[in-house]
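Participant: Could you have a look at this structure, given as structure tokens, before my questions?
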Protein chains: 2
Amino acid sequence: DGGSYDVINDASSPAAGDCCAQQSSARHNWEMNYQEAAIYLQEGENNDKFFTHPKNAKALAAYLFAHNHLFYLMELSTALLLLLLSLCEAPAVPMLRLGIFVHATLELFALIVVVFELSMKMRWLGFQTFIRHKRTMVKTCVLFVQFIEAIVVLVRQTSHVRITRALRCIFLVDCRYCGGVRRNLRQIFQSLPPFIDILLLLLFFMVIFAILGFYLFSPNHSDPYFNTLENSLVNLFVLLTTSNFPDVMMPSYARNPWSCVFFIVYLSIELYFIMNLLLAVVFDTFNDIEKRKFKSLLLHKRTAIQHAYRLLITKQRPSGISFKHFEGLLRFYKPRMCARERYLTFKALNQSHTPLVSLKDFYNFYEVVGLKWKAKRNREHWFDDLPRTAFLIFKGINILVKSHVFQYTMYTVVAVNGIWILVETFMLQGGNFFSRNVPWSYIVFLTIYGVELLLKTTGLGPVEYLSSGWNLFDFSVTLFAFLGLMALAFNMEPFYFIVVLRPLQLLRLFKLKKRYRNVLDTMFELFPRMASLGLTLLIFYYCFAIVGMEFFAGVVYPNCCNTSTVADSYRLVNHTVGNKTVVEEGYYYLNNFDNILNSFVTLFELTVVNDWYIIMEGVTSQTTHWSRLYFMIFYIVTMVVMTIIVAFILDAFVFRMNYTRKNQDSEEDNGIVLEKEISKEEVVGIIELYKRSSAATETAQLQKIVLQMDKYGQMSTVFLGRRSRTKSDLSMKMYEEEIQEWYEEHSRKEESQTQLQEPTSASNNSLKPLSLRQRSQTVI
Amino acid sequence: DGGSYDVINDASSPAAGDCCAQQSSARHNWEMNYQEAAIYLQEGENNDKFFTHPKNAKALAAYLFAHNHLFYLMELSTALLLLLLSLCEAPAVPMLRLGIFVHATLELFALIVVVFELSMKMRWLGFQTFIRHKRTMVKTCVLFVQFIEAIVVLVRQTSHVRITRALRCIFLVDCRYCGGVRRNLRQIFQSLPPFIDILLLLLFFMVIFAILGFYLFSPNHSDPYFNTLENSLVNLFVLLTTSNFPDVMMPSYARNPWSCVFFIVYLSIELYFIMNLLLAVVFDTFNDIEKRKFKSLLLHKRTAIQHAYRLLITKQRPSGISFKHFEGLLRFYKPRMCARERYLTFKALNQSHTPLVSLKDFYNFYEVVGLKWKAKRNREHWFDDLPRTAFLIFKGINILVKSHVFQYTMYTVVAVNGIWILVETFMLQGGNFFSRNVPWSYIVFLTIYGVELLLKTTGLGPVEYLSSGWNLFDFSVTLFAFLGLMALAFNMEPFYFIVVLRPLQLLRLFKLKKRYRNVLDTMFELFPRMASLGLTLLIFYYCFAIVGMEFFAGVVYPNCCNTSTVADSYRLVNHTVGNKTVVEEGYYYLNNFDNILNSFVTLFELTVVNDWYIIMEGVTSQTTHWSRLYFMIFYIVTMVVMTIIVAFILDAFVFRMNYTRKNQDSEEDNGIVLEKEISKEEVVGIIELYKRSSAATETAQLQKIVLQMDKYGQMSTVFLGRRSRTKSDLSMKMYEEEIQEWYEEHSRKEESQTQLQEPTSASNNSLKPLSLRQRSQTVI
């Protein structure tokens, strides 16, 4: 099928008109169509709703302005600036304290930038859509409040209680780059209803047990935990986190051993049953949401492709897209793509043996457009072109480093090294480790690793060597170890810490077992999602940190809280025993809300939930007992997020393991690979096309391929398209059968909608013309 | 299809011979066949392997002796006696201490009973099979050891260190009634390999971080947690359980705030990632095992049915089982079943319109045999037969109690009651609650509940009222409340605790929401499995308690452990401040291993893992630091069991929710219901049959049905068969498609085996004649 170049000379007009220019030439018209199609495809990819699609030329300009990385970076940096301001505002981190005038001005500046961003968005969306877009409206309101408050601060020259600072997070959440966080938040809110149901069950049992506990244990006057109903409730809430466990039981247990039954029953019901139920419910909801999300995204992409398709077909040839128009689309959709890749993408899409890409083929657009194309090498190794002797030497090294013997020898060396380090450290027993000379074992092992690195680099070629993640890891660890040796040898104190990283070498041992490889691979696949979940947690932390600082800054200090039951933990006393001064230190005064960094650490400690009641009781004893609400709400919020994180990890791993089990017979996969052959004739044809549109760089690129072919005397070159497998690919395979059903259901629904809206429409392929499209149909 | 009674007169000989009697009459022969078929079906139901099938008449007698509830109860009580002995052996619970002579004699007696049980088992299995049966062999060895030790104790008149007492659990595990525990243990062992893999990953990171922590923090002399590598390791192990969390960080955090990064990274990797990974891996394995178990059980049952079928068909009519033989089978399989039910079961199985049950129909045996049959009532309410006026009154009450208004009024009353109790308790604030008069609110609410109960009982009829679990719950709670009132009114102090149960009324509110009903239903369905999981945990507890008592009994006491860092928790000091004596009590000396009950409580505290290091350090400071191994191993074992419990709850709920989602459209189900009509002719036919075999009671029973029919002038009666839905039914529906594949695969495998074993076999239905069957084929 080398005839695709003859469809290039096609100056026909588009089948569907573009949205803005109504009286321009066909050429300009096409350009607008390309651009709009590219926008549709972007919207499909980003899961942006189509009602935010730009509606006229002005909107389009604003859309383009607001959709590039420069603008995104501006958004992100403004949001970060606003968030980071809390480092400098009172109560500030001591080193970073700024004058009120300085930080308020900075804040006003950042807010003005946000105003500018929002006005661009309004221009693009139009006032109507802008109002309807909920997230943007919330952002506008927050902006308004922040603005007023910033001005008030500037005028009064003093900070008032500004809990609203907690709302600054919305600026970060709204960033284009934080799509993952938005998705997580949506998922959290969607999981909430069943979560709250079970939470109520939990609280209900807690109340019942609190009443029971109060009746049973309050007659015991040495029991401070159940003397009032409020204490009873609070202590059972803390018991839910097990944080006060044996202690809360001890006074009653000392009096009557059978009272342990109360606590065992409570913990069995609440902790071991209902808490797990919570996880089960969230996990189940999560599973369900993931599947529905995948489905809606899939159908959204499909609709986007349909819209784009409609803009790219001509009236003369309504059955498909020619390369010329496809190339035009890609110019806007992926400006960085070179001419060769564009043509290869077109060929990869085109399953029929006609020069046009049909709608059915075009549906694979997103799967194909991400492929990275490379000419298939004929040479196997990097040293194939070297002289005979050198070739043989390198070939020998290549065989050596690929042999099992070499690999297992290295594993043994690593294991020995690990045991060595362990024994050495065990023998050390304190003292200053770094003032000693460089130990000879360190040099020996490092030499072995160095030789290994050298052999592998030469045997495999640097490119192939570094293309494996594991090798990259080996390389960096060895490099660090070497830097550590340098630091030791030349006595560069600040770099001593590198020496400490030596045990990381041991991680290499985990390549040995398939399960670990699987786990680590999944870990790397999960990393982006995990990071966005972490960021989501940090955003919650930020909100709570601001609130905590506003209310609890400076309330705990050494030797505070003497009226509470946890006074010991806040103690800082200097005894003089004989001649020595013994410092008795409880340290808990360090867990305070005195600045945002301290608050974050305190909140992390609250997240871990062990001994969190000491922090709670400390703060409560210095403020009111309503402070407990803050800590309890924080616990519940982190419980929600943590449960979602657990559900996510569970889901991801179980999914992956199911996938592996289902595809046990298929070989180990290295992502998606596609092979396409291009003949010289085709390349020449495309060069012709580019020449006509006077695209010099593209022509030059393609010329190079022809030269290459001439050099090796080939009539055609095979190219390989590669990309890594994504979760979406896995899901596609897992839900294979259901997907067909979804498609059918979707097209049936659309057809019925089309029939309802315009019974006279004769458009094929069940394409639903958009409403905004209908207005500009006149162009054709 | 009323012709089934004419197949009764069938004195033909069985197609397959029985195992024992070779020269008996056809009648006796048939009886033996019935019995053996019943044994096969029992083996299928209990998932007993067929190689334990009794092989001759002596074995059969032993089998029958060892397979009835009397024998099972003996087994169970012997095992319990042996386990409970540890209450009386030194270190004994003070109240239950027995002399060495007494408890050693008791032990010997119990062991002799076990010997008797084992000899019966040997008689039934034969020596060869007995040796091959692993569990029995282990039991024999343990028995032998216990026997020798018991004699040694009796001779020396003093207890030596008897850790082997921990092995007594095997006697309980081997009980027929503890099948669930055996299944759990098997599941735990099957989940171990992947679990251990991830555990190694966990420990590996722990070692790396321990080395890092030692290097980083040991220069700080005020940090007792990282001063040696061993401490570093132990503290990071404890940190994994979060039990020492902010404390372990504090000394280094006080010195350098950035050291918190070390702990945050450690906890994020170990606690939040790898621990969840552990759960994911166990959950996944669990899921997989559940499915495979279901499959193997299903196929095992199928094979059992095939074996039984072969024993029940005659040479003359090889295409099915006649009622006569089916009835003979049921006489052995379910002796308690009455003649009517036997016939109904036969009819329910028989799908074809022939008088014989084919193999295909017979495959449903287990599903049908559990049904409880009842004649379908024509009257709707219990009061339909009453006079007009009474009928109208009761009808009115019936409509009232079924109305939504009534139900929601009751919910409101319960809610108001709940709030009332809460407020009342809140106002109380300490004091002796029980010396007061009966509060009027109590009487009012109790009266309302009493009236509700009365209305419901009369409106629905007592039988229908108590057939619902929720009503039963209402009834018992109201009864308890009434008993509490009596106790208060008549000042019966020991029953005061019943008053405390009042808040349980509030649980009724959970009927309101579908999710809660679902949760509670699932909870009840899960209860047997949960109980057996709990028992499994208790068995582990028992083993650890014995070991703990042998090593640590009496090592902790008030004011011990002064050399350790946790000395405060073990303190018991009387201060005299002014005139008052203030008792400063750490209470932790109560968490000891001084007798088995204390050990259990201590182990539960270790399971909850909060502050468990205080217990560990206390014991360690009084013994050697190797004691830590005991606590760490216990932590890991409970972690395994707890993870399995979590995985089980997760699996059960997710399965249930998936099932509900899959069958959303189908109405709410009340278990399995089957309807069968029996004509008078058929009943008369069966009476004939029973008369011939002179079974008087059966004849009388059936006669009654005929009389009933005559009374109402019916020619036939409809019977309803009911049973509750089991997990197996749900699984059947969930794996519907796969099950067919399994069957085909199974029968294919069997056919090929049959062909391999005896290529001349012409038996139809792909039945594989058993090897033990071949020996007795001569009878036919």
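Participant: So for chain A, taking the charge dipole from beta-carbon charges (+1 Lys/Arg, -1 Asp/Glu), which of A:Leu271, A:Ser218, A:Tyr630 sits furthest toward the positive end?
Facilitator: A:Tyr630
Participant: For B:578-587, what's the mean count of beta carbons from other chains sitting within 10 Å of each residue's beta carbon?
Facilitator: Values: counts 0, 0, 0, 0, 0, 1, 0, 4, 2, 7.
So the per-residue partner count for this stretch is 1.
Participant: Using the Karplus equation 6.51 cos²θ - 1.76 cosθ + 1.60 (θ = phi - 60°), what ³J(HN,Hα) coupling, rounded to whole Hz, does each residue of the stretch B:613-623 give in order, writing x for Gly and Pro?
Facilitator: 3J(HN,Hα) across the stretch B:613-623, in whole Hz: 5, 5, 5, 4, 5, x, 5, 4, 5, 8, 10.
Participant: On average over all directions, what projected area in square nanometres does chain B have, based on the convex hull of its Cα atoms?
Facilitator: Working: hull surface 184.9 nm².
Average of the hull's projected areas for chain B equals 46.2 nm².
Participant: Something else about it: So for chain A, averaging the separation of alpha carbon pairs under 8 Å that are six or more residues apart and normalising by length, what relative contact order in percent results? Let's see the in-between values first.
Facilitator: On the way: 825 pairs, mean separation 146.3, N = 780.
Relative contact order of chain A: 19 percent.
Participant: OK, next. In Å, what Rg and Dmax follow from the Cα atoms of the stretch A:54-176?
Facilitator: 15.7, 52
Participant: If you count, for every residue in A:506-513, the Cβ atoms of partner chains within 10 Å of its Cβ, what is the mean? Can you show the working numbers first?
Facilitator: Numbers: counts 5, 4, 0, 2, 3, 0, 0, 3.
Other-chain Cβ atoms within 10 Å of each residue's Cβ, averaged: 2.
Participant: Under a Cβ-Cβ cut-off of 15 Å, what is the net charge of the residues other than B:Lys360 that fall near it, where Lys and Arg count +1 and Asp and Glu count -1? Let's see the in-between values first.
Facilitator: On the way: positive: B:Lys301, B:Arg302, B:Arg310; negative: B:Asp361, B:Glu367, B:Glu744.
Local charge sum for B:Lys360: 0.
Participant: Per-residue mean of other chain beta-carbon atoms within 10 angstrom of the beta-carbon, peptide B:235-247? Working shown, then result.
Facilitator: Details: counts 0, 0, 0, 0, 2, 0, 2, 9, 5, 2, 8, 16, 7.
Mean number of neighbouring Cβ atoms from other chains: 4.
Participant: Could you work out how much longer the chain between B:Asp521 and B:Phe127 gets when fully extended? Use 0.36 nm per residue separation minus the Cα distance between them, nm to one decimal.
Facilitator: Values: separation 394, 0.36 × 394 = 141.84 nm, distance 4.67 nm.
Taking B:Asp521 through B:Phe127 to full extension adds about 137.2 nm, to one decimal.
Participant: Specify the inter-centroid distance of the stretch A:187-222 and the stretch B:198-240, based on alpha-carbon positions, in whole Å.
Facilitator: When both Cα centres are located, 37 Å separates them.
Participant: Express the carbon and sulfur contribution to the solvent-accessible surface of the stretch B:522-663 as a percent, rounded to the nearest whole number, probe 1.4 angstrom. Write down the numbers at each step before the final one.
Facilitator: Values: 3600 of 5620 Å².
Summing carbon and sulfur atoms, their accessible area is 64 percent of the total for the stretch B:522-663.
Participant: For chains A and B related by rotation, which residue of A has the Cβ nearest the axis, and what is the rounded distance in Å?
Facilitator: A:Asn610, 3
Participant: While we're on this one: In the stretch A:602-620, which residues become less accessible by 30 Å² or more once every protein chain is in place, relative to the chain on its own, using a 1.4 Å probe?
Facilitator: A:Phe604, A:Glu605, A:Val608, A:Asn610, A:Asp611
Participant: In addition: Taking 7 Å along the Cα-to-C-beta vector as the label spot, tell me the A:Asp385-A:Leu504 distance in nanometres, rounded to one decimal.
Facilitator: About 3.6 nm, to one decimal.
Participant: Along Cα-to-Cβ, 7 Å out, sits the label point; list in nm, shortest first, how far the one on B:Asn518 is from those in the other copies.
Facilitator: 3.0
Participant: Another one. Students often forget the sequence filter, so: which lysines lie under 21 Å Cα-Cα from B:Lys121 once same-chain residues fewer than 8 apart are removed?
Facilitator: The qualifying lysines are B:Lys49, B:Lys55, B:Lys58, B:Lys134, B:Lys139.
Participant: Along the Cα→Cβ direction, 7 angstrom out, place labels at A:Arg661 and B:Ala57. What is the inter-label distance in nm?
Facilitator: 5.0
Participant: Net charge around B:Pro246, counting only other residues with Cβ within less than 9 Å of its Cβ (Lys, Arg = +1; Asp, Glu = -1)?
Facilitator: Numbers: positive: none; negative: A:Glu605, A:Asp611, B:Asp247.
It works out to a net charge of -3.
Participant: Additional query: Under 20 Å between alpha carbons, and skipping anything fewer than 8 positions from B:Lys680 in its own chain: which aspartates and glutamates qualify?
Facilitator: The qualifying aspartates and glutamates are B:Asp1, B:Asp6, B:Glu327, B:Glu341, B:Glu688, B:Glu698, B:Asp710.
Participant: Then there is this: Measuring nothing but label to label, 7 Å from Cα along Cα→Cβ, what are B:Lys691's distances to the other copies in nm, shortest first?
Facilitator: 11.1
Participant: What is the distance in Å between the Cα centroid of the stretch A:332-361 and that of the stretch B:584-608?
Facilitator: 72
Participant: Explain nothing, just the number: dipole magnitude of chain A about its Cα centre with +1 on each Lys and Arg Cβ and -1 on each Asp and Glu Cβ, in debye rounded to the nearest 20.
Facilitator: Numbers: 77 positive and 67 negative charges, 408 e Å.
That gives chain A a dipole magnitude of about 1960 debye.
Participant: Give me the summed buried accessible area for the B-A pair, 1.4 Å probe, to the nearest 100 Å².
Facilitator: On the way: alone 40910 and 40890 Å², together 73260 Å².
Adding both sides of the contact gives about 8500 Å².
Participant: Please list, or write none, the aspartates and glutamates whose alpha carbon is within less than 13 Å of the alpha carbon of B:Lys376, excluding same-chain residues fewer than 8 places away.
Facilitator: B:Glu675, B:Glu677
Participant: Then there's this: Tell me the Rg and the Dmax, in Å, that the Cα atoms of the stretch B:587-657 produce.
Facilitator: Considering the stretch B:587-657 through its Cα atoms, Rg and Dmax are 15.2, 51 Å.
Participant: How far is B:Thr164 from itself in the other copies, in nm, if each label sits 7 Å out from Cα along the Cα-Cβ line, shortest first?
Facilitator: Its label point is 7.9 nm from the equivalent points in the other copies.
Participant: Tell me the Rg and the Dmax, in Å, that the Cα atoms of the protein assembly as shown produce.
Facilitator: Rg, Dmax (Cα atoms, Å): 39.4, 116.
Participant: Apply the Karplus parameterisation 6.51 cos²θ - 1.76 cosθ + 1.60, with θ equal to phi minus 60°, to every residue of the stretch A:331-341 and state each ³J(HN,Hα) to the nearest whole Hz, in sequence, with x for glycine and proline.
Facilitator: Whole-Hz 3J(HN,Hα) from phi for the stretch A:331-341: 4, 8, 6, 9, x, 7, 5, 8, 4, 4, 5.
Participant: Using the heavy atoms of the protein chains alone and a 1.4 angstrom probe, what is the accessible area of chain A per residue in square angstrom? The partial results should precede the final answer.
Facilitator: Details: 36620 Å² over 780 residues.
Value returned for chain A: 47 Å² of accessible area per residue.
Participant: Among the listed pairs A:Lys324/A:Lys691; A:Lys295/A:Lys749; B:Lys301/B:Lys749; A:Lys513/A:Lys733; A:Lys291/A:Lys733; A:Lys293/B:Lys733, which are separated by more than 18 Å between their Cα atoms?
Facilitator: The answer is A:Lys513/A:Lys733; A:Lys293/B:Lys733.
Participant: In whole Hz, what ³J(HN,Hα) sequence does the stretch B:449-456 give by Karplus (6.51, -1.76, 1.60; θ = phi - 60°), x for Gly and Pro?
Facilitator: 4, x, 4, 4, 4, 4, 4, 5
Participant: Mind giving me the FRET efficiency for B:Ser468 and B:Thr565? R0 is 41 Å, r the Cβ-Cβ distance, nearest 0.05 is fine. Intermediate values should be presented prior to the final figure.
Facilitator: Values: r = 57 Å, r/R0 = 1.39.
After rounding, the FRET efficiency stands at 0.10.
Participant: Right, another one. Given the peptides A:361-369, A:457-465, arrange them by the average over their residues of other C-beta atoms within 10 Å, most packed first. Don't skip to the end; give the middle numbers.
Facilitator: Details: A:361-369: 18.7, A:457-465: 16.7.
Highest to lowest by the protection proxy: A:361-369, A:457-465.
Participant: When the accessible area of the stretch B:54-176 is computed with all protein chains present and a 1.4 Å probe, what percentage of it is carbon and sulfur?
Facilitator: Values: 4710 of 6100 Å².
Answer for the stretch B:54-176: carbon and sulfur cover 77 percent of the accessible area.
Participant: Tell me, what does the Kirkwood hydrodynamic radius of the stretch B:183-279 come to in angstroms if you use every pair of distinct C-alpha atoms? Numbers along the way, then the final one.
Facilitator: Numbers: mean 1/r = 0.0703 Å⁻¹.
One decimal place: 14.2 Å for the Kirkwood radius.
Participant: A 23 angstrom limit on the alpha carbon distance is what I want to check against. Which of A:Lys334/A:Lys372; A:Lys456/A:Lys676; A:Lys372/A:Lys727 exceed it?
Facilitator: Listed pairs above 23 Å: A:Lys456/A:Lys676.
Participant: Say each of A:Leu479 and A:Arg135 gets a label point 7 Å from the Cα, pointing the same way as Cα to Cβ; how far apart are those two points in nm?
Facilitator: Going from the A:Leu479 label point to the A:Arg135 one covers 3.6 nm.
The values are calculated or read from the model by the stated rules, or taken from the named source; none is laboratory data. Note that this is a predicted model, so its numbers are computed, not measured. Don't worry about glycine lacking a Cβ; one is built from the backbone with ideal geometry, like all the others, and counts go over all protein chains shown. SASA here: full protein model, heavy atoms, side chains in, ligands and nucleic acids out. Shrake-Rupley method; radii C 1.70, N 1.55, O 1.52, S 1.80 Å.
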